[in-house]
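The values are calculated or read from the model by the stated rules, or taken from the named source; none is laboratory data. Small disclaimer: the values here were computed from a predicted structure and weren't measured. Positions of Cβ are backbone-derived with ideal geometry, glycine not excepted, and every protein chain shown enters the neighbour counts.
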Amino acid sequence: MATPIANRTAKLTIEGGPDGETETIELPLYAGTEGPDVIDIGKLTAQGFFTYDPGFVSTAACESSITFIDGDAGILLHRGYPIEQLAEQSTYLELCYLLLNGELPSAQNLDEFVKTITRHTMVHDQLRNFFNGFRADAHPMAIMCGVVGALSAFYHDSLDIDDPSHRLITAHRLIAKMPTLAAMSHKFSQGQPFMYPRNDLDYASNFLYMMFGSPCEDYEVNPVLARAMDRIFLLHADHEQNASTSTVRLAGSTGANPFACIAAGIAALWGPAHGGANEAVLNMLSEIGSFKNIDKYIAKAKDKDDPFRLMGFGHRVYKNYDPRAKVMQQTCKEVFEELGVEDDPMLKMAQRLEKIALEDEYFVEKRLYPNVDFYSGIILKAMGIPVDMFTVVFATGRTPGWIAQWNEMVSSSYKIGRPRQLYNGPSARDYVAIDQR
Ligand code: CMC
């Protein structure tokens, strides 16, 4: 638990009490290793007040040592390491280890970790039966919400959340099985047989193999695309207390099992304001249709009376640039060069949109920059990943972040999450019998 900063407190003065009195409440202040100081308002309830902060814009709901973001400076650190260095020099599984354990692994630790994850890639064979309960045209995110939650019905041996060894094996299982389930949800929608994981392949290559391979012929994974896929997973691995991670923590704070908590996170991620944005970017580009409509859609995005937003632009925290988007832009270039599709009309349209938005007064003034989803959608499309799988890819990449954040909470002392409200309904009144209404 954080210790208050010595000789420094915040004072809250409330004037105009019932008898005209002024009340001053002293609130402790805490300093993190990075970021703004935090005012502890936890005891305000005892003084008869709640605080009001819809969307948790100014509220720290937990302490965490996993990820730090400075949105104004465009900084993202995992356990202190900048995302740009991790994307350039590390791999997704090494980052998973870092998020879970707090330090980079030795070569031996990494080797063991990779072997452990690889040995858990298969899912219980009876889980296949769950897929048959879905319509063939079910959205893969709908399937993922169901089948990831269903894992809790299969792995009873690791559901004691107070046992660190159970939590560890659950983390390994989830990281290992997500690509398998993700690929199964795609294959199911195509009416194609599921592909068993291949443990001779690395994590990203195995995912591409399970997505695109078939039992009828060999499928050779393109190493440039595998590297891009690994980087996409890596760039999504964690993002501190975003909506889906906060959902995982809130669900976990009740003592719910981790598979159920991650399923809740997947559901929260699905929305277009969050992880669903990568799918929404492609849908938006299809809707815009051609160059000649771009100005019309930019005008729509700027019109206060029009609900249309430029998907893939803006971020709650990043107000300078999204450092993940910068790396993704480079990956985008590599993938397009490899595939020889630099002249793809949709890419050209996306580039035009990006240029306009970066120069237009409205977007500049509101500090709306392309975010990670803007580029990831375009890359995934070029790689042949179907649009409705984009958010599933995000969910797969985000799994180590969710599980590390859940583990951090469960292994410390924590309270059930229970926000309060500013009630604006009717005051107490007497029930009126039905014949008198
Ligand atoms: N297009 C047009 N106007 C926008 C956009 C946009 N994409 N985003 C924000 N604005 C305007 C908004 O209308 C508001 O204007 P005003 O101040 O005049 O009312 C102002 O900018 C601030 O917007 P906000 O909704 O109050 O900001 P927020 O921090 O609550 O929302 C956001 C952040 C990401 C939900 C929002 O920017 C958005 O909807 N973007 C499009 C969806 C998207 O790309 N989401 C992916 C986020 S990155 C991946 C992830 O971490 O999940």
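Yes or no, residue by residue, for (1) within 21 Å of the chain's Cα centre (by Cα); (2) within 30 Å of residue 48 (Cα to Cα):
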site	(1), (2)
353	no, no
384	no, no
393	yes, no
396	yes, no
424	no, yes
427	no, yes
432	no, no
435	no, no
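Conditions tested, residue by residue: (1) basic (Lys, Arg); (2) surrounded by 14 or more Cβ atoms within 10 Å (Cβ to Cβ); (3) not in a helix (DSSP H, G or I).
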residue: 11; (1), (2), (3): yes, no, yes
residue: 25; (1), (2), (3): no, yes, yes
residue: 28; (1), (2), (3): no, yes, yes
residue: 32; (1), (2), (3): no, yes, yes
residue: 50; (1), (2), (3): no, no, yes
residue: 65; (1), (2), (3): no, no, yes
residue: 76; (1), (2), (3): no, yes, yes
residue: 108; (1), (2), (3): no, no, no
Notebook entry, point to check: Which of the residues belonging to the stretch 117-140 are modelled with pLDDT of 95 or more and surrounded by fewer than 16 Cβ atoms within 10 Å (Cβ to Cβ)?
Noted result: 119, 122
Checklist line | Selection from the stretch 281-293 of residues that are within 14 Å of the ligand (Cβ to nearest atom) and in contact (Cβ under 8 Å) with a residue 60 or more places away in the chain | finding: 281, 282, 283, 285, 288
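Does residue 305 meet the test of being modelled with pLDDT under 90, acidic (Asp, Glu) and either within 23 Å of residue 69 (Cα to Cα) or more than 9 Å from the ligand (Cβ to nearest atom) (or both)? Please lay out each step first, then the result.
Values: modelled with pLDDT under 90: no; acidic (Asp, Glu): yes; either within 23 Å of residue 69 (Cα to Cα) or more than 9 Å from the ligand (Cβ to nearest atom) (or both): yes.
Spelling it out, it is not the case that residue 305 is modelled with pLDDT under 90, acidic (Asp, Glu) and either within 23 Å of residue 69 (Cα to Cα) or more than 9 Å from the ligand (Cβ to nearest atom) (or both).
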Check: Restricting the stretch 315-346 to residues that are basic (Lys, Arg) and either within 8 Å of the ligand (Cβ to nearest atom) or touching a strand residue (DSSP E or B) at 6+ places or on another chain (Cβ under 8 Å) (or both), which is modelled with the highest pLDDT?
Finding: 324
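Pull up the stretch 199-226, narrow it to residues that are more than 24 Å from residue 331 (Cβ to Cβ) and among the charged types (D, E, K, R), then point me to the one that is surrounded by the most Cβ atoms within 10 Å (Cβ to Cβ).
Let us first name the residues in the stretch 199-226 that are more than 24 Å from residue 331 (Cβ to Cβ), namely 199-200, 214-218.
So of that shortlist, the ones also among the charged types (D, E, K, R) come out as 200, 217-218.
Details: 200: 9, 217: 6, 218: 6.
Among residues in the stretch 199-226 that are more than 24 Å from residue 331 (Cβ to Cβ) and among the charged types (D, E, K, R), the one surrounded by the most Cβ atoms within 10 Å (Cβ to Cβ) is 200.
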Margin query: For a quick check of your reading: which helices (runs of 4 or more DSSP H) sit entirely within the stretch 318-403 and have at least 3 residues that are within 15 Å of residue 281 (Cβ to Cβ)?
Written below: 323-339, 345-359, 372-382
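Check whether at least one residue in the stretch 237-248 is among the small types (Gly, Ala, Ser) and at pLDDT below 95, and report yes or no.
Pass one, the stretch 237-248, residues among the small types (Gly, Ala, Ser): 237, 243-244, 246.
With at pLDDT below 95 added as a condition, the list becomes none.
The answer is no, given that none of the residues of the stretch 237-248 is among the small types (Gly, Ala, Ser) and at pLDDT below 95.
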Next item on the list: Keeping to the stretch 166-208, report how many residues are of a type in the set (Phe, Trp, Tyr) and closer than 21 Å to residue 237 by Cα.
Entry: 2
Check: Which ranges mark the helices (runs of 4 or more DSSP H) fully within the stretch 201-253 that have 1 or more residues being in contact with a helix residue (DSSP H, G or I) (Cβ under 8 Å, 6 or more places away or on another chain), of a type in the set (D, E, K, R) and under 19 Å from residue 90 (Cα atoms)?
Finding: 223-235
Margin query: Test of understanding: among 265, 275, 312, which residue is within 16 Å of the ligand (Cβ to nearest atom), in contact with a Phe, Trp or Tyr (Cβ under 7 Å, 6 or more places away or on another chain) and on the phi > 0 side of the Ramachandran plot?
Written below: 312
Margin query: When you check residue 381 against the structure, is it under 24 Å from residue 72 (Cβ atoms) and away from the ligand (no atom under 14 Å from the Cβ), yes or no?
Written below: no
Next item on the list: State the number of residues belonging to the stretch 260-296 that are buried (at least 19 other Cβ atoms within 10 Å of the Cβ), part of a helix (DSSP H, G or I) and touching an Asp or Glu at 6+ places or on another chain (Cβ under 9 Å).
Entry: 5
Item checked: Every residue from the stretch 188-200 that is farther than 20 Å from residue 117 by Cβ and assigned to a loop (DSSP other than H, G, I, E, B) -> 191, 192, 193
